[in-house]
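In what follows, a single structure is set out as structure tokens and then discussed.
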Amino acid sequence: MDSDKHSAQIGRLEVVEMGRRRRWSEDEKLRIVLESLQGPRQVSATARRYGVSRSLLLKWRRVISRRAE
């Protein structure tokens, strides 16, 4: 057997710092949610504009809609 085929390959590992998590105030969340409700397909565009994930924005929408009930 060729030992080179089964030897472990060690590559370069680069650590990229992503920074701290952003803290959004309730007022900011409400403003972003209201903007995302302005028209069709606004969830993804709004999420990109503010640098939040689409799933987080959808979660905020669910929470805010429950509070409004």
On the basis of being open to solvent by 100 Å² or more (accessible area, probe 1.4 Å) and in contact (Cβ under 8 Å) with a residue 12 or more places away in the chain, does R61 make the cut? no
With the first residue restricted to the stretch 29-40 and required to be touching a residue at least 60 places away in the same chain (Cβ under 8 Å), and the second required to be open to solvent by less than 100 Å² (accessible area, probe 1.4 Å), Cβ contacts under 6 Å at 6 or more apart or on different chains are none
One residue is enough: does the stretch 35-58 have a residue meeting the conditions modelled with pLDDT of 85 or more and of a type in the set (D, E)? yes
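The values are calculated or read from the model by the stated rules, or taken from the named source; none is laboratory data. Everything numeric here is computed off the predicted structure, so don't read it as measured data. Here the Cβ is made from the backbone with ideal geometry for all residues, glycine too, and neighbour counts use every protein chain on show. Heads up: the accessible areas ignore ligands, DNA and RNA and are worked out on the full protein's heavy atoms, side chains in. Shrake-Rupley method; radii C 1.70, N 1.55, O 1.52, S 1.80 Å.
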